[in-house]
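Here the structure is laid out as structure tokens; the discussion comes afterwards.
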Amino acid sequence: MNFKKKVLPLGLLLLLYFLSKTCSLHPIPKERISALTIDYKESYDQHFQISIKNPVACPMRFFLTCEDKAVNELFTANAPLTLSGNADTIITIKDKGDLSGKVNVQVKWGDPQLPIRSTVLASLPYPQTDRYKLLQGNNSNPTHNTPRSRYAFDFTMGIGDTIAAAQDGYVVVVVDRYTGWGMSDKWAPFGNQVMIYDTLSRLFTMYGHLDTDGSLVKLGDYVRAGDPIALSGKTGQTTEEHLHFNVLRADDGKSGLISHPVDSIGKYKVKGLKRYQWMEH
């Protein structure tokens, strides 16, 4: 009788706690928040013109397609159109009439033709006074085993903990309006994030699973390594609060970015890191 009165209620509480941590009751968001809005305009006055501006401080690749076969072949032969950070261009198409609404534009981050110039990250992705455990390192299960995440790091940060920039650079992505989380792959696009581009190394650093309204920077800001940039959270495809920190470079593949290895992060050589070790500045 004492067993039923004491142990069973405790077991039920533990079960409920486990379920609350691993099972999401949040609905998957109905709409995706755009990480980038391109300044794209069409006009027609004797000739058809397209005006495109890259709104961020990193190179961007633009892939144009058109319903007109001849124009589409021209776009394909000259793809991609690569613009450096904050650059713009005007494309003039003669003798094809008004093509308004017949041109489609897709975008990919960075320029794969530019070589990576450094694989050393100046700082851990949190303030000098803090330390956290390495929850998951490079090339490991369960989630750091795909081209997009192979060289990522997960740190045991709690909801509301401060995230700091691991490198100098420009803020090129700010998404922080998502709420909720879940285990399903369907949740993968719905995590809040900040991404920074270093014009010297040409690496992108992405800080994921941020808290709702957890960004401390805005698009276009220039930050230094160690500057506060966001608050950690639990959004997107995850079952626990933590910081997903990924290093990326431009790639010719479908996604446009691929995870890239680094030699060191802060004072640590990456090859010597072990899961669950404490990491401090």
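The values are calculated or read from the model by the stated rules, or taken from the named source; none is laboratory data. Keep in mind the model is a prediction, meaning the values are calculated, not measured. Reconstructed Cβ throughout: ideal geometry from the backbone, glycine too, with neighbour counts over all protein chains shown.
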### Given (1) surrounded by fewer than 15 Cβ atoms within 10 Å (Cβ to Cβ); (2) over 30 Å from K271 (Cα atoms), number of the condition R117 does not satisfy
(2)
### Message
Going by what's in this entry, would Y170 be described as in a loop (DSSP other than H, G, I, E, B) and assigned by TED's automatic domain parsing to the domain that holds R249?
### Response
no
### Summary
Contact list, first residue from the range 88-103 and within 13 Å of L64 (Cβ to Cβ), second anywhere and among the charged types (D, E, K, R), beta-carbon distance below 6 Å, six or more apart or interchain, is K102/E67
### Query
Could we say that D176 is in contact (Cβ under 8 Å) with a residue 40 or more places away in the chain, acidic (D, E) and in contact with a Ser or Thr (Cβ under 6 Å, 6 or more places away or on another chain) here?
yes
### Query
Can you list the strands (runs of 3 or more DSSP E) found entirely within the range 205-281 that contain at least 2 residues being under 15 Å from the mean Cα position of the chain (by Cα) and crowded, with 22+ Cβ neighbours inside 10 Å?
210-215, 228-232, 243-250
## Note on the structure
Among (1) within 20 Å of S201 (Cβ to Cβ); (2) part of a loop (DSSP other than H, G, I, E, B), K108 falls short only on (2)
### Task
Evaluate the following for F75: is it modelled with pLDDT of 95 or more and either surrounded by fewer than 17 Cβ atoms within 10 Å (Cβ to Cβ) or closer than 21 Å to R202 by Cα (or both)?
no
### Message
Looking only at the range 250-281, how many residues end up being touching a Pro at 6+ places or on another chain (Cβ under 9 Å), β-branched (V, I, T) and more than 19 Å from Q113 (Cβ to Cβ)?
### Response
2
### Task
Show the residue pairs that are 6+ apart or on different chains and have beta-carbon atoms under 9 Å apart, the first residue being within the range 255-281 and hydroxyl-bearing (S, T, Y), the second being part of a helix (DSSP H, G or I) and surrounded by 11 or more Cβ atoms within 10 Å (Cβ to Cβ).
S264/V270
#### Entry: Residues being of a type in the set (K, R) and either in contact with a Gly (Cβ under 6 Å, 6 or more places away or on another chain) or not assigned by TED's automatic domain parsing to the domain that holds P125 (or both) - total across the range 192-210
0
### Task
Using the structure shown, decide if I163 is in contact with a Ser or Thr (Cβ under 8 Å, 6 or more places away or on another chain) and within 28 Å of A57 (Cβ to Cβ).
yes
### Task
Tell me which residues, restricted to the range 181-204, are hydrophobic (A, V, I, L, M, F, W, C), crowded, with 18+ Cβ neighbours inside 10 Å and touching a Ser or Thr at 6+ places or on another chain (Cβ under 9 Å).
W181, W187, F190, V194, M195, I196, L203
### Task
Determine whether the range 128-135 contains at least one residue that is in a loop (DSSP other than H, G, I, E, B), within 17 Å of the chain's Cα centre (by Cα), over 24 Å from G253 (Cβ atoms) and modelled with pLDDT of 95 or more.
no
